[in-house]
Every structure is written in structure tokens, then in C-alpha cells.
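Step one of this worksheet: look at the structure below.
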Amino acid sequence: MTAEKILVVEDEEDIQELIRYNLAREAFQVTCVDTGEKALKQVEKEAPDLVVLDLMLPGIDGLNVCRSMKNDADLRAIPIIMVTARGEESDVVMGLEMGADDYVTKPFSPKIFLSRVRAVLRRRGEAAKPAVDSNGVLTVKDLTIHPGRHEAKVKGKKLDLTFTEFRILEIMASRPGWVFTRGQLVDAIRGEDHAVTDRSVDFQIVGLRKKLGDCADYIETVRGVGYRFQDDA
């Protein structure tokens, strides 16, 4: 089996080496660059399976690298894990809304970092994609969602959900492991002409968790960013 290729974009030598060492030890094929300009040239030269992207780069910063890749039809499918410093929550939200897949915050545990890498690569291979039958019924863990009937069940028991609660659950459960910002959830629901605000998303999540009962921990809060439907709980 060919080793998966990972491009590391990091200008701090010690962090770059830490990332490179841990990835190489897990048999990934690693290429490292230290500027946004070099990153864009490298992905055009040879598309990697994953980009690990520092946001604070000299010259073209990480957000602009992310934006350039997601605006390029040939590059937008390449997953991106952002590497951020504490206090960059607004940049994380912006990056996720541009299409980045996940993030880690410095300083980070190599073990946690590698688990994020594996999870993103697994999702890229659609191994975490929930089962959908011929009727469009989505099944993930103990949850079953029938969009046509606007019906959700946990362990066979029907949930009494509002329109917004159902849409939030459907959106998140359709992409387990993905981080959704409040803005992304609001935009998805606004498409149905229902008034939803960032703050009301939080209230909807509280209500949804109560109704999920023992399965409430399926929905994970990503502090300062948004929410994700866990694919490993």
C-alpha cells in the first residue's frame, strides 16, 4: 500500500520537526515547507492527501492558502488541518467556514495530533460516512433519520423535535467528525427561510441534547468554534 502523502506548512523549525517526526514515524510520506507561497507551489506540483497548515505564516498566511486551495477546483478536495495558536479562535472559525476540515492548537499532544490526522484521512476515504438506504434514511450509531418523513429515532424511539432541531441533527449527523461553526449551521437552516441566529443555535443544541437522552454526547461542543457530531463516541 502506498504511503499517504502529507504536506506540512509550518515556519517554526521546532514545531515543523515535531510534526514531521511524528508523521514519518507513522509511515506517512512527509514534505515540509515554511511559507504560504511554497505551499501553493507544492500542492500544484504534487497534490498531497492532506495539508497540515499553520495559520501564522510569513508572506501569504494560512487563511489565504486555505482560501486559494478551496477556490481551485483541482485542489479544493484536499483536506486541511489548521495549526493555530491560542487566541486565534476567530481565525479558526473563518478557516472552517472556508472549508478547512479540522484544527489543532499549539502546544498540542503528538498523540492527539495523530488521531486528528487519521480521522481526517478516514473521512476523506468516506469510512466515516453514515449509512443511507435507498429511501434516503440515514443511520449512524443508534440514530436513524428519515428526511422525507422529517423523523428521527434513537434506539427505535421517535424523537419529538422542532424543525430547527431536526435540521441541525440531520446536517451534523450526515458528516460525523466534521466541525460545524455556528455560522455554517445558521446558513444551512436559513435556506429554508427560518429565522435562526448564532445564539439561538446554542439554545437549540441544549434542547436537542436533552431529547437525545443517553445519546446526548453524540454532539460535542468545540469551544469557541461550534459543534461536531462525534464519529468515535
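Ordered from largest to smallest accessible area (heavy atoms of protein chains, 1.4 Å probe), the residues D160, D142 come out as D160, D142. Summed over qualifying helices (DSSP H, 4 residues or more, each -39500 (n - 2.57)) and divided by its residue number, the chain shows a 222 nm mean residue ellipticity of -12000 deg cm²/dmol. Considered as an equivalent ellipsoid built on the Cα gyration tensor, the chain has semi-axes of 34, 19, 16 Å, the largest given first. Computed over the chain with a Gaussian network model linking Cα atoms closer than 10 Å, the most mobile of L143, L23, L159 is L159. Dipole check for the range 1-151: with +1 at the C-beta of Lys and Arg, -1 at the C-beta of Asp and Glu, and the Cα centre as origin, the magnitude is about 580 Debye. A cut-off of 5 Å between modelled amide H atoms, ignoring neighbours fewer than 5 places along the same chain, links L57 with G62. Only Lys, Arg, Asp and Glu carry charge here, each on its Cβ (+1 for the first two, -1 for the last two); on that basis the range 131-229 has a dipole of about 220 debye about its Cα centre. FRET efficiency for the R25 to K106 pair, using the beta carbon distance and R₀ = 25 Å, is estimated at 0.80. Taking every alpha-carbon pair in the range 131-229 and binning the separations at 10 Å intervals from zero gives 15, 53, 30, 2 percent.
With the charge dipole of the range 5-125 set up from +1 on Lys and Arg Cβ and -1 on Asp and Glu Cβ about the Cα centre, the Cα lying farthest toward the positive end among the listed residues P110, L121, V65 is that of L121. Between the Cα long axis of helix 36-45 and the first principal axis of the chain there is an angle of about 80°, rounded to the nearest 10. In this calculation the C-beta distance from A73 to S200 is compared with R0 = 41 Å, giving a FRET efficiency of 0.70.
The share of accessible area on the range 5-125 that comes from carbon and sulfur is 48 percent, using a 1.4 angstrom probe. Each Cα pair under 8 Å and six or more residues apart adds its separation to the average, and for the chain the resulting relative contact order is 13 percent. Potential lengthening of the chain between R124 and R223 amounts to 33.2 nm, from the contour at 0.36 nm per residue minus the alpha-carbon distance.
In sequence order, the range 136-147 has phi-based couplings of x, 6, 9, 10, 9, 6, 8, 9, 10, 10, 10, x Hz under the Karplus curve 6.51 cos²θ - 1.76 cosθ + 1.60, θ = phi - 60°, and Gly or Pro positions carry x. Helix 110-124 against the longest principal axis of the chain: what's the angle in degrees, Cα atoms only, rounded to the nearest 10? With rounding to tens, the tilt is 70 degrees. Split the accessible area of the range 131-229 by element, probe 1.4 Å, and carbon with sulfur accounts for 46%. Maximal additional length on extending the K153-N135 stretch stands at 4.9 nm, based on 0.36 nm per residue less the C-alpha distance. Helix 163-173 and the long axis of the chain differ in direction by around 40°, with both axes built from C-alpha atoms.
If you take the beta carbon distance between A3 and S90 as r and set R0 to 35 Å, what does 1/(1 + (r/R0)^6) give as a FRET efficiency, to the nearest 0.05? So, using R0 = 35 Å, E works out to roughly 0.50. Extent along the principal axes, Cα only, for the range 5-125: 32, 32, 26 Å, with the longest axis given first. Normalising the average separation of contacting C-alpha pairs (under 8 angstrom, six or more residues apart) by the number of residues puts the relative contact order of the range 1-105 at 24 percent.
Rolling a 1.4 angstrom probe over the protein heavy atoms with all chains in place gives the range 131-229 an accessible area of 51 Å² per residue.
The values are calculated or read from the model by the stated rules, or taken from the named source; none is laboratory data. Small disclaimer: the values here were computed from a predicted structure and weren't measured. So basically every Cβ, Gly included, is an ideal-geometry build from the backbone, and we count neighbours across all protein chains shown. Heads up: the accessible areas ignore ligands, DNA and RNA and are worked out on the full protein's heavy atoms, side chains in. Shrake-Rupley method; radii C 1.70, N 1.55, O 1.52, S 1.80 Å.
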